Amino acid sequence: MKKQINVVGAVIVKDGEVLCAQRGTGSLAGLWEFPGGKIEPTETAREALQREITEELLCRVEVGDEVTTTAHEYDFGIVNLTTFFCELIDGTPKLTEHTEVRWLPPVRMGEIEWAPADVPAVDLVQARFA
């Protein structure tokens, strides 16, 4: 049985645009994702997301409504991704682990290549703002 990896992603919306982050080195390098990371055993999904955004982007978010939870099987394991709408409440996202970040209107989010686990959330975000 493959390893189960529980992760969270932040759909950060500001001025009608969504923050998209390009993965750096490692698995899935070059693909785009909603920033976030692994849920530690002592954390809730929302706590993990706040911590990950502080660590990865050096800013703070307020975690809002859940977008969706999806599972995707990769060669390294099964990723269970829960995404949440988030509001940027302090700071400006800075690159620490990602190669690039872009603010895109939802209608243009399909122009970049997303990590497969993030695609269902991308579709829902686009539909919500259509």
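Quick note: the coordinates plus some simple rules give every number you see, no bench work behind them. What you see is a predicted model; the values in this text were computed from it and never measured. A quick note on method: Cβ atoms are made from the backbone with ideal geometry, for glycine too, and the neighbour counts reach across all protein chains shown.
None of GLY77, GLY24 is touching a strand residue (DSSP E or B) at 6+ places or on another chain (Cβ under 8 Å), of a type in the set (Gly, Ala, Ser) and farther than 28 Å from MET1 by Cβ except GLY24. Taken over the stretch 15-32, residues that are closer than 20 Å to LEU88 by Cβ, surrounded by fewer than 22 Cβ atoms within 10 Å (Cβ to Cβ) and touching an Asp or Glu at 6+ places or on another chain (Cβ under 8 Å) amount to 1. Evaluation of PRO93 against the conditions (1) in contact with a helix residue (DSSP H, G or I) (Cβ under 7 Å, 6 or more places away or on another chain); (2) over 23 Å from ILE5 (Cβ atoms); (3) not in a loop (DSSP other than H, G, I, E, B) shows that the sole unmet condition is (3).
Rundown of residues vs (1) of a type outside the set (Val, Ile, Thr); (2) in contact with a His (Cβ under 8 Å, 6 or more places away or on another chain), yes/no style:
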{"residue": "VAL13", "(1), (2)": "no, no"}
{"residue": "ALA21", "(1), (2)": "yes, yes"}
{"residue": "VAL67", "(1), (2)": "no, no"}
{"residue": "GLY77", "(1), (2)": "yes, no"}
{"residue": "THR99", "(1), (2)": "no, no"}
{"residue": "VAL107", "(1), (2)": "no, no"}
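For the stretch 89-123, a residue qualifies if it is surrounded by 15 or more Cβ atoms within 10 Å (Cβ to Cβ), among the aliphatic types (A, V, I, L, M) and under 15 Å from ILE12 (Cβ atoms), and the qualifying residues are VAL101, LEU104, MET109, ALA121, VAL122.
Checking each residue in the stretch 16-28 for being more than 14 Å from VAL107 (Cα to Cα) and touching a residue at least 60 places away in the same chain (Cβ under 8 Å) picks out ALA21, GLN22, ARG23, GLY24, LEU28. Within the stretch 36-46, one or more residues are under 17 Å from TRP114 (Cβ atoms) and out of contact with any Cys (no Cβ under 6 Å at 6 or more places or on another chain). When the stretch 96-130 is filtered for residues that are among the charged types (D, E, K, R), under 13 Å from the mean Cα position of the chain (by Cα) and in a strand (DSSP E or B), only ARG102 remains. Screening CYS59, CYS86 for residues that are surrounded by 15 or more Cβ atoms within 10 Å (Cβ to Cβ) and more than 13 Å from the chain's Cα centre (by Cα) leaves exactly one candidate, CYS59.
Looking across VAL101, VAL119, one residue alone is under 15 Å from LEU19 (Cα atoms) and in contact with a strand residue (DSSP E or B) (Cβ under 6 Å, 6 or more places away or on another chain). It is VAL101.
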